[in-house]
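Written below as structure tokens is the structure these notes are about.
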Amino acid sequence: MDNTLTRRSGQALLVWGLLVVAANLRASLTGVGPLLDRVQADLGLAPAVAGLLNTLPLLAFAAVSPLVPRLAARWGADRLLGYALVVLTLGIALRWVPTAVGLFAGTVLIGTGIAVGNVLLPSLIKRDFPTKVGLLTSAYATVMGGVAAVASGVAVPISEVAPGGWYTALGYWGLFSLVAVLLWLPQMRAPRRAAQAMRGHRLPWGSGLAWAVTAFMGLQSLGFYVVVTWLPQVFQHNGMSAAGAGWLLFLFQAVAVLTSLAVPGALRWARDQRALATICSAVMLVGYLGLLVAPGLALLWSVVLGLGGGACLVLALAFISLRAQDATGAGALSAMAQSVGYLLAAVGPVIFGLLHTMSSGWQAPIMLMCVAAAGQTIVALVAGWGTVRSADSQVPDRVPSPGR
């Protein structure tokens, strides 16, 4: 009985630790956008330089993600995640320093810390809760998205009342990441688990199924970052006030969070995820087509994009665990999917803005998003079923047979 209680309390502490870690994986990023004009004015930054505050973290995701499995093999996944949380906390603290150097150096550290967390969470869920992948993936995606939405909503009010203005609005998130460090300390002290098995495990670059999962991750990430970067300006171009456009962006994120709560039930009900992923991707396509042909219905399209986006995020994260053979494979697949995926996400807003500049309108960039959503819908048919074999294995991926 005592052993059972101890094991259950240990699992509960681990779940709480994972959720608190997830709460810190987006908030320090989404709070920047609403404050960007103040940051730019106070530090005298050119628009292109200020835009790096949104791009640098995504580039850090792409650069650091492939290194995570090797680092986890050396230090252990639990310890590595703890170190990443410390790096994240230091990065947020640096952004509290009222200089451009502190702001950008802190942003790079934040991107590095979050990149490690992005890769390791699916692997840890696969390792410690293999029968609850859908539920826990949805839980951490919901927490991550919910806190991110709150961060974007409270950034300006905090900057208006707190001493230090926007410095404090960006820096106080360090208190939350410090809480995550403290909650994760028991996991860092635990014996190393599965570290040896991860040594020498190569990323599955030769797997077609792994590339399908990577493409799905990249395309849904591209859609999210384009929406949070440009959707308010699209709405303002169609006559909406800046405040109204901001609230519609909040609505998009809020609907996405609510939608993510429904995904675990659908995952349990479905034999595989092909139909669910295809439908949710098609919903995103409908939202972009709506913006193209009926831009005046901004409220409706914000809700539609939130419905599809929230589900696609959970599915992209769940695919990493569901398609992998084991925790080590999940770590390798996560590193591959998030490296390439976030590189695609980093260039997405840039290309969207470039198309807007070249065409002097929003139709061309929105058409680009329609093409991306259509591609995601096609990729979903492959990414939603099968098992990615180890890159060191001679056994090919297990994929659906024709007609199945």
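The values are calculated or read from the model by the stated rules, or taken from the named source; none is laboratory data. Just so it is clear, the structure is predicted and the values come from calculations on it, not from any experiment. Note that each Cβ is placed from the backbone with ideal geometry, even for glycine, and that neighbours are counted across all protein chains shown. Surface areas here come from the heavy atoms of the whole protein model, side chains and all, with no ligands, DNA or RNA. Shrake-Rupley method; radii C 1.70, N 1.55, O 1.52, S 1.80 Å.
On inspection, Val388 does not qualify as among the β-branched types (Val, Ile, Thr), open to solvent by 30 Å² or more (accessible area, probe 1.4 Å) and modelled with pLDDT of 85 or more. Taken together, the residues in segment 60-80 that are open to solvent by less than 40 Å² (accessible area, probe 1.4 Å) and within 22 Å of Leu14 (Cα to Cα) amount to 8. In the condition set (1) farther than 20 Å from Ser334 by Cα; (2) touching a residue at least 24 places away in the same chain (Cβ under 8 Å); (3) crowded, with 20+ Cβ neighbours inside 10 Å, Ala93 is compliant with all but (3).
Of the helices (runs of 4 or more DSSP H) lying entirely inside segment 207-319, those carrying at least 2 residues that are closer than 17 Å to Pro349 by Cα, in contact (Cβ under 8 Å) with a residue 12 or more places away in the chain and β-branched (Val, Ile, Thr) are 208-237. If the condition is being polar (S, T, N, Q) and either modelled with pLDDT under 85 or open to solvent by 10 Å² or more (accessible area, probe 1.4 Å) (or both), then segment 328-374 contributes Thr328, Ser339, Thr357, Ser359, Ser360, Gln363.
Working carefully through the options Gly375, Gly331, find the one that is touching a His at 6+ places or on another chain (Cβ under 9 Å) and within 30 Å of Thr112 (Cα to Cα).
After ruling out the rest, the residue left standing is Gly331.
Pairs meeting the criteria (first residue in segment 110-123 and closer than 14 Å to Leu71 by Cα and modelled with pLDDT under 90, second residue open to solvent by 10 Å² or more (accessible area, probe 1.4 Å) and among the hydroxyl-bearing types (Ser, Thr, Tyr), beta carbons under 8 Å, at least 6 apart or on different chains) are Ser123/Thr328.
Residue count for segment 291-322 satisfying the condition of being more than 13 Å from Phe252 (Cβ to Cβ), β-branched (Val, Ile, Thr) and either in contact with a Leu (Cβ under 8 Å, 6 or more places away or on another chain) or open to solvent by less than 10 Å² (accessible area, probe 1.4 Å) (or both): 2.
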